[in-house]
Amino acid sequence: MLRFLTAGESHGQALVSWISGIPAGVPVDIEFVNRELHRRQLGYGRGGRQKIEKDQADFLAGVRHGKTIGAPIAIRIENRDWKTWEKALPVEDSDGAEDAQRHLTSPRPGHADLAGALKFNFHDARYVLERASARETAARTAACTLAKLLLREFGVDVLSHVIAVGHAQLEREATWEEIERVCGNLESPLRCVDEAVELRMKAEVDQALRAGDSVGGIFEVVARGVPAGLGSHAQWDEKLDGRLAQAVMSIQAVKAVEIGTGVRNATSYGSEVQDEIRYDSERKRFQRSSNRAGGVEGGITNGQYVVVRGYLKPISTLRRALGSADLKTKEQIKAAYERSDICVVPAAGVVSEAMVAFVVAQAFLEKFGGDSLEETRRNFENYQKQLDEF
């Protein structure tokens, strides 16, 4: 069973990832993993933290001589900012430690601060925000990039692009080639396929910066090469679209998820929504006239591109602070401000790529199994023959 866990706080010593279930023999391109971590740090509107951290994956277990060995994989990512937080967040208690702590008693609206403080009976939200921080997604990206590497062995690629920042939005579909181009260009400020729209997006970020505000948006993840037949219609928790939605919704600040053109479909007629079917005798595969379903029907992949959109709210930390109430005194005050970003939509897209890759890889291994890459490949190739003979 493919699964992963992460540990670590935003300003702790390190972030840790643990992933289990990757078959033995999968080549691990560490340079590719580190490039994905770097992509997560990029984007117009990122804050000063990204200038401090230089995220690199330190593989501690599960990879030997450049390949997975079928054992759990452990990855460590150093937090360079720990040096300035060591006295505030020590592992062991010590005399005078209380004076060094950086308490946060003015919870930020929209953040986990208050809800977490109530849940864990803290009158200081520091411990809540340290784990709730989107810094955690660096650990996710490292772990789930292993799923990307597995899928790549079978011709499946997962990429993302930004389709909206604030009020600036791309009003057309992007081609795979366009998405591939902006993902390969580390200088692309907001990873939008249309330069004119991207300039308007930058203006939205600039306006938020001047106003002491933040801005959200929409990112789209596209998975190419996903075979038909992953997931299931049989049980609610086996439906792949439901699993994808949960995975993307779990990313910090994502408040809505769309499969295909689901939002537009809800206010359209059936004849305007369904993807008509035809058969390509040359390729020996069924094809669709469009892909409004986003590659998933009845909880099962249908062979089209899998398309998932995440709707990211503006992040909760604002320089122009909103009203709050002190956790200890209960007095009305302004919410706390911690060094933060203005816009994180491109970064969220990279994290979502990783999460979509993980869910697709999980369903892939559920269908094809295999303790080694060779065994998985044999099973996959036999299934391709089955589709050819259908």
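The values are calculated or read from the model by the stated rules, or taken from the named source; none is laboratory data. Worth saying up front: this structure is predicted, and the values here are computed from it rather than measured. Cβ: placed from backbone, ideal geometry, glycine included. Neighbour counts: every protein chain shown.
For every residue, the table says whether it meets (1) modelled with pLDDT of 90 or more; (2) closer than 30 Å to Leu146 by Cα; (3) touching a His at 6+ places or on another chain (Cβ under 6 Å); (4) of a type in the set (A, V, I, L, M, F, W, C).
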| position | (1), (2), (3), (4) |
| --- | --- |
| Pro72 | yes, yes, no, no |
| Thr84 | no, no, no, no |
| Asp95 | no, no, no, no |
| Arg102 | no, no, no, no |
| Ala112 | yes, yes, no, yes |
| Ala115 | yes, no, no, yes |
| Leu118 | yes, no, no, yes |
| His123 | yes, no, no, no |
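Looking at segment 267-302, which of its residues are charged (D, E, K, R) and touching a residue at least 40 places away in the same chain (Cβ under 8 Å)?
Lys284, Arg285
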Breaking point among (1) within 30 Å of Gln386 (Cα to Cα); (2) touching a strand residue (DSSP E or B) at 6+ places or on another chain (Cβ under 9 Å); (3) assigned to a loop (DSSP other than H, G, I, E, B), for Glu282: (2)
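Please state which one of Val182, Val162 is touching a Pro at 6+ places or on another chain (Cβ under 8 Å) and at pLDDT 95 or above. Lay out the reasoning, then the answer.
Numbers: Val182 fails: touching a Pro at 6+ places or on another chain (Cβ under 8 Å).
Within the list Val182, Val162, the selection yields Val162.
Can you tell me which of Glu195, Glu258 is without any contact (Cβ under 8 Å) to a residue 60 or more places away in the chain and under 19 Å from Tyr44 (Cα atoms)? Give the derivation first.
Numbers: Glu258 fails: under 19 Å from Tyr44 (Cα atoms).
After ruling out the rest, the residue left standing is Glu195.
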Of the criteria (1) under 27 Å from Gln362 (Cα atoms); (2) of a type outside the set (Gly, Ala, Ser); (3) under 28 Å from the mean Cα position of the chain (by Cα); (4) modelled with pLDDT under 95, which one Gln287 fails: (3)
Pairs where the first residue, in segment 357-383, is free of Cβ contacts under 8 Å to residues at least 40 places away in the same chain and the second is polar (S, T, N, Q) and buried (at least 20 other Cβ atoms within 10 Å of the Cβ), C-beta under 7 Å, 6+ apart: Phe368/Thr376; Gly369/Thr376
All positions within segment 263-284 that are touching an Asp or Glu at 6+ places or on another chain (Cβ under 9 Å) and surrounded by 14 or more Cβ atoms within 10 Å (Cβ to Cβ): Asn265, Asp275
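Against the definition (farther than 19 Å from Arg152 by Cα and surrounded by fewer than 18 Cβ atoms within 10 Å (Cβ to Cβ)), how does Glu204 come out, yes or no? Quick ask: steps written out before the conclusion?
Numbers: farther than 19 Å from Arg152 by Cα: yes; surrounded by fewer than 18 Cβ atoms within 10 Å (Cβ to Cβ): no.
No.
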Failed condition for Ser17, given (1) over 16 Å from Thr137 (Cβ atoms); (2) buried (at least 18 other Cβ atoms within 10 Å of the Cβ); (3) within 23 Å of the chain's Cα centre (by Cα); (4) of a type in the set (Ser, Thr, Tyr): (1)
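Quick one: which residue in Glu375, Glu353 is more than 30 Å from Val193 (Cβ to Cβ) and either hydrophobic (A, V, I, L, M, F, W, C) or not in a strand (DSSP E or B) (or both)? Please lay out each step first, then the result.
On the way: Glu353 fails: more than 30 Å from Val193 (Cβ to Cβ).
Of the residues listed, the single one that is more than 30 Å from Val193 (Cβ to Cβ) and either hydrophobic (A, V, I, L, M, F, W, C) or not in a strand (DSSP E or B) (or both) is Glu375.
What helices (runs of 4 or more DSSP H), lying completely within segment 137-227, carry at least 1 residues that are of a type in the set (Asp, Glu) and closer than 22 Å to Thr317 by Cα?
Numbers: elements: 137-152, 176-184, 195-210.
Hits in segment 137-227: 195-210.
Would you check which residues across segment 141-150 are hydrophobic (A, V, I, L, M, F, W, C) and crowded, with 23+ Cβ neighbours inside 10 Å and list them?
First pass over segment 141-150, keeping only residues hydrophobic (A, V, I, L, M, F, W, C): 142-144, 146-147, 149-150.
The answer is Ala142, Ala143, Cys144, Leu146, Ala147, Leu150.
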Hits in segment 1-39 - residues which are modelled with pLDDT of 95 or more, of a type in the set (Gly, Ala, Ser) and not in a strand (DSSP E or B): Gly8, Gly21, Gly25
